[in-house]
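No lab work stands behind these numbers, since they all come straight from the coordinates. These numbers were taken from a predicted model, which means no experiment stands behind them. Because the Cβ atoms are built from the backbone with ideal geometry, glycine has one as well, and the counts that use them run over all protein chains shown.
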Amino acid sequence: MLQVRPAKPDDASTVMALKQAVLQQSRFLLLEVDEYQPTEAAEVRFIVDLAKADNGLYLLAMDDDIAVGHLVARGGCFRRNRHSANVFMAVHQDYWGRGIGRQLIDALLAWFADSRLTRLELTTAIDNNRAISLYQSAGFEIEGCKRGDIRIDGETVDSYLMSFLKNLPNPRTHDDEDTI
């Protein structure tokens, strides 16, 4: 049975297996396969540190005891950016199209509503249409384009910077979206 829940230290090995798998499956993640050199101790430390932080969250989508998706929101560590968290997520390819990304985002937004954060942000390649559609349907907005942001398969690719704001006025209206 699929369940979305906070990561626990004893999830480290299944998280490592998930990360290795999704790095091989998707060209849209920041790291390449050989750049992820995990140790179980480091993964445990990452999970524990996020659990202790009042502006961080680590969610797992679990199929029984196997992690099939994860979402991390990591808040800033300085007074000037503690109100903001950077979000990244991935779902195992065998589970695409089953609503797991939506469940992870919905759980993130529920946590965000009760948090002291006022901003969530993420970046995604401009041709990652599935992710962009998911994020926009959840209320994230494109703030701008980061030109030449990442290199994928030897090619420079632009990324969108997207955000979800709480209790802050939005200076744009939907009438001027074409100016992005």
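The lysines whose alpha-carbon is closer than 24 Å to the alpha-carbon of residue 166, local same-chain residues fewer than 8 away aside, are 52, 146.
Our note on the geometry: Cα centres of the range 42-97 and the range 105-125, 11 Å apart.
Contact order for the chain, expressed relative to its length and based on alpha carbon pairs under 8 Å spaced 6+ residues apart, stands at 18 percent. Put a dot 7 Å past the Cα of residue 150, heading toward its Cβ, do the same for residue 113, and the two dots end up 2.9 nm apart. In sequence order, the range 35-49 has phi-based couplings of 7, 8, 10, x, 10, 4, 4, 5, 5, 4, 4, 4, 4, 5, 4 Hz under the Karplus curve 6.51 cos²θ - 1.76 cosθ + 1.60, θ = phi - 60°, and Gly or Pro positions carry x.
With a 10 Å cut-off between alpha carbons and a GNM built on the chain, which of 165, 31, 23 moves the most? Checking each option, the largest mean-square fluctuation is seen for 31. Net charge of the neighbourhood of residue 79, taken over other residues with C-beta under 15 Å away and scored Lys/Arg +1, Asp/Glu -1, is +3. Helical runs assigned H by DSSP (4 residues or longer) give the chain a calculated mean residue ellipticity at 222 nm of -9000 deg cm²/dmol, each run adding -39500 (n - 2.57) before division by the residue total. Placing unit charges on the Cβ atoms only, positive for Lys and Arg and negative for Asp and Glu, gives the chain a dipole magnitude near 700 debye about its Cα centre.
Its relative contact order, with pairs defined as Cα atoms under 8 Å and 6+ residues apart, puts the range 24-88 at 20 percent.
Here's the list of lysines a cross-link from residue 19 could span, going by alpha-carbon distance under 18 Å and ignoring same-chain residues fewer than 8 apart: 8.
Let me know the volume per residue of the alpha-carbon convex hull for the chain, in Å³. Present the calculation step by step, with values, prior to reporting the outcome.
Values: hull volume 23.2 nm³, N = 180.
Hull volume over Cα atoms, normalised by residue count, gives 129 Å³.
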